[in-house]
Amino acid sequence: MKNLIMGKIPQKPESIKKVKKNLGANDSSLNKGSTSIDRPKRPSIPSEVKLRLWIEAGGRCEFPGCNKYLYHDQITLAPGNFSNIAHIVSWIETGPRGDEIESPMLATNISNLMLMCKDHAGDIDLKENEEKYNKFVLRNYKKQHEERILTQTSIHEETYKTKILVFNINVGDRLIPISTEGLFYAIAPRFSIKLSPDVLSISTFNRNAGQEYWQGYTSQIKDFVDTVKGKFSNGSIEKHISIFAIGPMPLLMYLGKCIGDVPGHDVFQLFRDITDEKKRWAWPVGSQFIEPYEIIYPSKTSDTKKVALILEVSDRIHNNQLQSTVDNSYDIFRITVPNPSVHFLKSKDQLINFSYEYRKVLDHIKHVYGPDCEIDLFPAVPVSIAVQCGLSLLPTKDPTIHVYEFYKDQQEFKRVLKLQ
């Protein structure tokens, strides 16, 4: 310690000098003409260190984005050890990231070792990659990977289980794919994974059909949700559903209504501006700026029983788009934001806040206009908010709600579904 304080370079311990004497050049840096006599011998890594590394890495490649399971062949799945143990600081001074002091000192130390597939073990040691994959970068890779493995394997099997519900109905002519990898990425590490999601996928829905056609799909949605609910064992603490849904907003609302009495549920949002397929359904981690919602009440209330509720979060809803439906006999409420956009929703907190504001408006309408009033609902919202609209309903207490669908070519809304 005194040497360090005085600014002197510490002398190498005698044991390190002996190790260095026996090492010489790194295997990868040897001349092709060298013989086995010239070749230095890499220090043997103790079996207990190898075992610990395998456990802490979860048997997977520690290079970010790879995560290959290394105890079977990637093609044939034949069992076997397909791992490479890579050094962060080379075991020899002249090797990749080698150092006069650290190389002999850390040659077999687990803090300096990474479990990797053959490809990435080779990549990090290429001469042209030495700056890119310096020792600080690799140490961070190792730390993040092993912390993730520890977190995910610490989940209690009986406490954190969820059933994954996938609801996918074509919007127009398109059925937007929902990747299984994206589902698992979104629920981790909070929940253990059920490998078989429950899926309702319809690619032939005709949104241009009439109200009777739309209403006909409600029984199919209810049967689907009842089937999922039926898989919960009696008294099970596993009663949780993770919801991934794409489709016309009125049907998403009905889906939410059917799920509503499940004690635990999480709704996920498709983020269109994220290009990495596996991350498109995951709520962003960390603090996000939360733009407030604004409730606009009617300038004065009347004794009408006809109420219009406009939800403009992902787009503006203009009065001319409502003129064929909403006349002077309606009292109009709006839940809006300063700048409606398809990219508005950025955090789960925004979804929770919407649910609070939406519930507040419904309670106000019921109190002022009575439970026998009728609400015409005009939505322009993200998919997760549409589902949340259904989840927030009180089936025996809220007024009747009619949901409308917007037809862009006609620039008008049409009533398509009775929700409540």
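The values are calculated or read from the model by the stated rules, or taken from the named source; none is laboratory data. Computed from a prediction, not measured in an experiment: that's the story for all the values here. Every residue, glycine among them, receives a Cβ derived from its backbone with ideal geometry; neighbour counts consider all protein chains shown.
Observations
- Note on segment 177-221: residues that are of a type in the set (Lys, Arg) and touching a Lys or Arg at 6+ places or on another chain (Cβ under 9 Å) amount to 1.
- Of all residues in segment 263-276, at least one satisfies being touching a Phe, Trp or Tyr at 6+ places or on another chain (Cβ under 8 Å) and closer than 24 Å to SER219 by Cα.
- Cross-chain or 6+ apart pairs with Cβ under 9 Å, segment 129-143 first and over 12 Å from HIS87 (Cα atoms), then charged (D, E, K, R): ASN129/ASP123; GLU130/ARG97; TYR141/GLU62
- Of the residues making up segment 112-151, those that are surrounded by 14 or more Cβ atoms within 10 Å (Cβ to Cβ) and among the hydroxyl-bearing types (Ser, Thr, Tyr) are TYR133, TYR141.
- Across segment 242-288, the qualifying residues are those that are among the acidic types (Asp, Glu) and outside any loop (DSSP other than H, G, I, E, B), and the one among them that is farthest from SER384 (Cα to Cα) is GLU277.
- Per-region count, segment 345-360, residues of a type in the set (A, V, I, L, M, F, W, C) and in contact with a Leu (Cβ under 8 Å, 6 or more places away or on another chain): 2
- Scanning segment 87-106 for residues that are surrounded by 22 or more Cβ atoms within 10 Å (Cβ to Cβ), touching a residue at least 40 places away in the same chain (Cβ under 8 Å) and outside any helix (DSSP H, G or I) yields ILE88, VAL89, SER90, TRP91, ILE92, PRO96.
- Looking across segment 169-213, the residues that are of a type in the set (A, V, I, L, M, F, W, C) and part of a helix (DSSP H, G or I) come down to LEU183, PHE184, ALA186, ILE187.
- Sole residue being modelled with pLDDT under 90 and more than 20 Å from ILE243 (Cα to Cα), chosen from SER192, SER179, SER196, SER154: SER154
- Filter result (surrounded by fewer than 16 Cβ atoms within 10 Å (Cβ to Cβ) and either in contact (Cβ under 8 Å) with a residue 24 or more places away in the chain or hydroxyl-bearing (Ser, Thr, Tyr) (or both)) within segment 331-354: PRO338, ASN339, SER341, VAL342, HIS343, ASP349, ASN353
- Yes/no for LYS132 being assigned to a helix (DSSP H, G or I) and of a type in the set (Lys, Arg): no
- Residue match in segment 361-383 (condition: under 22 Å from PRO248 (Cα atoms), charged (D, E, K, R) and under 26 Å from the mean Cα position of the chain (by Cα)): no
- THR304 meets all of the listed conditions (1) under 19 Å from GLY390 (Cα atoms); (2) touching a Ser or Thr at 6+ places or on another chain (Cβ under 7 Å) but one, namely (1).
- Complete set of residues in segment 47-58 that are surrounded by fewer than 17 Cβ atoms within 10 Å (Cβ to Cβ) and either of a type in the set (Gly, Ala, Ser) or at pLDDT below 95 (or both): SER47
Here's the yes/no breakdown for (1) outside the structural domain of VAL337 (by TED's automatic domain parsing); (2) in contact with a Gly (Cβ under 7 Å, 6 or more places away or on another chain); (3) not β-branched (Val, Ile, Thr):
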site	(1), (2), (3)
GLY260	yes, yes, yes
PRO284	yes, no, yes
THR301	no, no, no
VAL313	no, no, no
ARG316	no, no, yes
ASN320	no, no, yes
SER324	no, no, yes
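- The set of residues in segment 289-333 that are in a loop (DSSP other than H, G, I, E, B) and of a type in the set (D, E, K, R) comprises GLU291, LYS300, ASP303, LYS305, ASP315, ARG316, ASP327.
- Within segment 113-121, not a single residue is in contact with a Gly (Cβ under 9 Å, 6 or more places away or on another chain) and among the charged types (D, E, K, R).
- Selection of segment 170-226 for residues being among the basic types (Lys, Arg) and in contact with a Pro (Cβ under 9 Å, 6 or more places away or on another chain) yields only ARG207.
- SER324 being small (Gly, Ala, Ser), touching a residue at least 40 places away in the same chain (Cβ under 8 Å) and surrounded by 16 or more Cβ atoms within 10 Å (Cβ to Cβ): no
- Residues being among the hydroxyl-bearing types (Ser, Thr, Tyr) and at pLDDT below 95 - total across segment 393-406: 2
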